[in-house]
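J.: The structure's right below; bear with me while I get my questions together.
Every number here is computed from the coordinates shown, using simple stated rules; none is lab data. All figures in this text were calculated on a predicted structure; none of them were measured in a lab. In this analysis, Cβ positions are derived from the backbone assuming ideal geometry, glycine residues included, and neighbour counts consider all displayed protein chains.
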Amino acid sequence: MRFNSILVANRGEIAVRVMRTAKSLGYRTIAVYSEADAAAPHVKMADDAVCLGPAPVGESYLDPARVLKAAADTGAQAIHPGYGFLSENADFARACEAAGLVFIGPRPDAVDLMGNKAEAKRRMIAAGVPCVPGYEGEDQADDAFIAASADIGFPVMVKAAAGGGGRGMRLVQDAADLPDAIRLARSEAENAFGSGELILEKAIVQPRHVEIQVFADEAGNTIHLGERDCSVQRRHQKVIEEAPCPVMTEDLRDKMGAAAVEAARAINYRGAGTVEFLLGADGQFYFLEMNTRLQVEHPVTELITGLDLVALQIKVAQGETLELTQDDVSLTGHAIEVRLYAEDVAEDFLPSTGHIDLWAPAAGEGIRIDAGIATGLEVSPFYDPMIAKVMAHGPNRDVARQRVIDALRRTAIFGPQTNRDFLIDALSQPVFAQGGATTAFIGETYSADDLARRVLSAEALAAGAVLLYRSEQEAAIEASIGVDAELLNWSSSGRLSTTYRFGSADDGVSATVIAHDNNGWTVEAEGRSIRIVLQSADEYSARIQIDGTVHDVVFAIPRRGMVHLSIEDQTVSLINLLAQAGMADDTAGGGRVLAPMHGLILEVHVSEGQTVCKGDRLAVLEAMKMQHQILAEVDGTVTNIACVAGDQVPAGDLLVEIEVDEEEAA
């Protein structure tokens, strides 16, 4: 069926990315959105837009009936599902076809088959594709998994059969931990995918995660577009992806590519798909899963092949042939993509939410940034914490790597906590720079202390104080009538000084700014006298000389007494406590257990009067599609439970109070 209008059943950067190609090809585009996304970029970009309902995904993006009604109401002829949400929902694909809509994706039976890890693995074994040893049986009783684990040998991975993205997945090192891992994985899988079916797999130690991009048309022509290395992950979710794989050889690429093509042919595949493998240090590779959709990391393949994968998806969906053979595919240069997450790295990568005070992406040679956010919007607790992708292409791997680092340094994302600084550090690590990163990279490279918030540097402190001071002086000049700007910093006794106090009320640092001529200042802080010269500045960036060394700074001043800035690979938010009248002392921590983020209370495991020990599970909070265990930080007695299962709680809300044992308090 030919079509000329496309409804994009998704949000964020993928919706923007799909629309960009669709509009360039002359298609009419329709956006859908939740109430939380009413002002989102993808809504503004579309030719038409329909509100699906409230923010929770079950009442908006994950409701097939609402999406299909939006398509009918707007006259859409095709639906592109993006990735996530309904992209791998076979029933939705069938419903689209039943409604006379073209589903821009694979056939429903292929989605069904490969969407179930157990059945997919059985089919791949039959097709002769190398697979990881494991258990994918229909018997889902705990005893069946426990018995199978004894044959497989530890460590094992417990995985949701119907899902991906790290949800419903647990690494188990010891048999004693398996029952609890099964329970948690099953619960998380049911909440995320509507199915609690699990599989077990032998945990391959320190492999690379390498995937092959495949494409097939209605006529059965099937090719691959090379590989992507997605080894750098945290919580089994990808963080850095690149193409080609640093250790790939032509012979290995031919073998993995042939296996991926065979996997696609074995299920009569159509459209874009990704066959994922674990690659051992010995060169052996094993089928992991097949994603029957476009991948988050597809742009690195686009950058090295020169192909537009969304355009190819639309072409195949129109019933046209690929008009590409394997010999037509060539790989040029190297591309690296990093996922910019709204998350608090210092708190074990917990998702972060909040108001975006500034989003200003970098631009430059070889740089591509895909995003679905804008200054003034909110990062919501209802959706995945990935907010943008920063990519770079270069003639070789090191040029691509340096370009991504440069792009991150020049990109401003202020408001929620993000992993920007962590990404810069990871890309700069010798192991990654040399192409040696495996799936164990983050765990082996970073300890909890490494990931903790860095101490505020003198350079960041001095630059922040001066930027705040300069902003206040500019505001004073605008508010003054007939007063020479040079007189604003003078009194009868000479130059005035301005003191700021940053940090907490009990543990802060003071900085005194003394202005000089020619955009020069002295900042006195913690026994140091730091000389600052402003060389140039625009709305969001400045070049500042600090004690003779030049620093490029990206900054934003969203309100009086607050400045965000990125300097020397450190992003900080400084609040002048002296300008924050009535600021309350920090009462978090200890026996007061607060919600680490906005989310849904799934379970409460304690009752009032119960004795708990540090590390005991108090509750389970679901946020951004993940389940987070709320643990006791102290030994003591539960005196108050301020939440019940089913509550939606905001970040910082009181969940449980514990009276600390006298011995610990002492």
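J.: Give me the one-decimal nm value for the distance between modelled label points at Q434 and A39, 7 Å along each residue's Cα-to-Cβ direction.
T.: 4.9 nm
J.: Just report the Cα centroid separation between the stretch 316-371 and the stretch 1-28, whole Å.
T.: 17 Å
J.: Under 4 °C and 1.567 mPa s, how fast does the stretch 1-143 diffuse according to Stokes-Einstein, given a Kirkwood radius computed over C-alpha pairs? Answer in µm²/s, whole number.
T.: Answer, rounded: 79 µm²/s.
J.: Cα axis of helix 397-409 to longest principal axis of the chain: angle in degrees, 0 to 90, nearest 10?
T.: For helix 397-409, the angle is close to 50 degrees.
J.: Based on Cα positions only, what radius of gyration and what Dmax would you give for the chain, in angstroms?
T.: Answer for the chain, Rg first and Dmax second: 26.9, 90 Å.
J.: Can you give me the long-range amide H partners of T375? Hydrogens built in the peptide plane at 1.01 Å from N, cutoff under 5 Å, separation of 5 or more residues or another chain.
T.: Those qualifying (amide H under 5 Å, at least 5 residues apart or on another chain) are W359.
J.: May I pose another question? What are the ³J(HN,Hα) couplings of the stretch 561-573, residue after residue, when phi is run through the Karplus curve with 6.51, -1.76, 1.60 and θ = phi - 60°? Round to Hz, x for glycine and proline.
T.: Couplings: x, 9, 9, 9, 7, 10, 8, 6, 6, 10, 9, 9, 10 Hz.
J.: Hey, fewest Cβ within 10 Å first, where do S330, S5, S149 land in order?
T.: Listed from fewest to most nearby Cβ atoms, that is S330, S5, S149.
J.: Against the longest alpha carbon principal axis of the chain, how many degrees, from 0 to 90 and to the nearest 10, is the axis of helix 64-74 turned?
T.: That works out to roughly 80 degrees.
J.: Then there is this: Hey, what do the phi angles of the stretch 321-335 turn into as Karplus ³J(HN,Hα) couplings, whole Hz, using 6.51/-1.76/1.60 and θ = phi - 60°, x for Gly and Pro?
T.: Listing the rounded values in order: 7, 4, 6, 10, 10, 4, 5, 7, 8, 10, 10, 10, x, 9, 9 Hz.
J.: Another question, if that's okay. Sort 67-73, 364-370, 400-406 by the packing proxy (mean of other Cβ within 10 Å over each peptide's residues), most packed first.
T.: 400-406, 67-73, 364-370
J.: For the chain, with only Lys/Arg (+1) and Asp/Glu (-1) charged at the beta-carbon, what is the dipole magnitude about the Cα centre, in debye rounded to 20?
T.: 1940 debye
J.: Sticking with this one: Once R0 is set to 25 Å, what does the formula 1/(1 + (r/R0)^6) return for the Cβ-Cβ distance between D653 and H355, expressed as a FRET efficiency to the nearest 0.05?
T.: 0.90
J.: Once every DSSP H run of n ≥ 4 in the chain is given -39500 (n - 2.57) and the sum is divided by its residues, what mean residue ellipticity at 222 nm do you get, rounded to the nearest 500 deg cm²/dmol?
T.: Rounded to the nearest 500, the figure is -8000 deg cm²/dmol.
J.: Further question: Above 19 angstrom, tally the Cα pairs of the stretch 133-202 and express them as a % of all pairs, no decimals.
T.: Across the stretch 133-202, Cα pairs with separations above 19 Å total 20 percent.
J.: Karplus couplings for the stretch 40-54 from phi (6.51 cos²θ - 1.76 cosθ + 1.60, θ = phi - 60°), rounded to Hz, Gly and Pro as x?
T.: Once rounded to whole Hz, the list reads 5, x, 5, 5, 5, 6, 6, 6, 8, 8, 10, 7, 7, x, x.
J.: Follow-up question, since we're still on this one. Grab the beta carbon distance between Q206 and H516, set R0 = 60 Å, and tell me the FRET efficiency rounded to 0.05.
T.: 0.60
J.: What residues have an amide H closer than 5 Å to that of T639, excluding those fewer than 5 places away on the same chain, when H is modeled at 1.01 Å from N in the peptide plane?
T.: G609, E657, I658, E659
J.: Evaluate the distance, in nm, between pseudo-label points positioned 7 Å from the Cα of D547 and of E568 along their respective Cα→Cβ axes.
T.: Taking the two extended label points, one gets 0.8 nm.
J.: Then there's this: For the residues D327, D616, what sequence is obtained by ranking on other C-beta atoms within 10 Å, fewest first?
T.: D327, D616
J.: Now for a separate question. Using only Cα atoms, find the angle between the long axis of helix 12-24 and the longest principal axis of the chain, and express it within 0 to 90 degrees, rounded to the nearest 10.
T.: 70 degrees
J.: Taking the beta-carbon count within 10 Å as an exposure proxy, list T301, T21 from fewest neighbours to most.
T.: Exposure proxy ranking, most exposed first: T21, T301.
J.: Apply 1/(1 + (r/R0)^6) to the Cβ-Cβ distance of D398 and A65, taking R0 = 56 Å, and write down the FRET efficiency to the nearest 0.05.
T.: 0.65
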